[in-house]
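Take a look at the structure below.
Bear in mind that the values in this text are calculations on the coordinates, not laboratory data. Everything quoted here is computed from the prediction, not taken from an experiment. For neighbour counting, all protein chains shown are included, and Cβ atoms are generated from backbone atoms with ideal geometry for every residue, glycine included.
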């Protein structure tokens, strides 16, 4: 790896380290006593990000925050379509599987706790928690996408190929989500969590977050803006946080989200395949436009 590539990689890791410090403090020192829903590292990270962008003298549009009505509208449409198919396919498959096994499956909607559903808490409380979940999702999505798919990709783009950049940012994004696993290992292993369950959580986290990071990186390349990544992150996080599968077997035992790990992996795997097809199509168009521009310059 030459000097320029080393410099690009070093900048990406240094920038990520600033965010990671906030994440470690929040997850290991604060959340064990008070659940902050990741807002400290996200809000603090946004402040650090803006200071860092100012320090390296990069305008927001250079890191993918193009304030264009067309880009925003396009991001909303693509995010909606990219989540419609995976959500419908995965929830239908899970519902159908439970139905064929006997018992009574039911899709329920609530944020975090079943006691916050409409039937249990009433419309006012249900809407309040739904709004709170949406706001938390928006804050987290803004930080994750502007930093990982915005700033980090920009820092590496001058010296590294996109494929390498995408794997690096996705890998760092996965490390970010391994900190909660570390917290569980420190505070809950042996009491609330068994070694087997922790290993399953570790494996699912590695696979799921890596696929998620790669998918969102492909979206950034395909559109040239972070908006689609922000909206996609909001939509899929909100769906997974709000839409749950309840199953009652023939003996009357109730299971809630018993196949959650399968659902999130299947959801994101389907979304990744669709995104990769879209990325391949856009890549051909981008290369064709670049070749056309080079030919015009040659003339």
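Between residue 17 and residue 114, what is the label-point separation in nm under the 7 Å Cα-to-beta-carbon projection?
A separation of 4.7 nm, rounded to one decimal place.
What ranking do 101, 147, 159, 41 get, fewest neighbouring Cβ atoms within 10 angstrom at the top?
101, 159, 41, 147
Put a dot 7 Å past each Cα toward the Cβ at residue 58 and residue 187; how far apart are the dots in nm?
Result for the modelled spin labels: 3.3 nm.
Sequence gap at least 6, Cα distance under 8 Å: using those rules, report the relative contact order of the chain to the nearest whole percent.
29
Among [x] 0.94; [y] 1.05; [z] 1.00, which one is Rg/Rh (Cα atoms, Kirkwood Rh) computed from these coordinates?
Label of the calculated value: [z].
Neighbour counts of other C-beta atoms within 10 Å: give me 244, 33 arranged from fewest to most.
33, 244
Using the count of nearby Cβ atoms within 10 Å as a rough guide to exposure, how do 2, 257, 61 rank from fewest to most?
Result, fewest neighbours first: 2, 61, 257.
Antiparallel DSSP bridges in the chain: what percent, to the nearest 5?
In the chain, approximately 90 percent of DSSP beta bridges are antiparallel ones.
Using a Förster radius of 25 Å, what is the FRET efficiency between residue 277 and residue 161 based on their Cβ-Cβ separation? Nearest 0.05, please.
0.75
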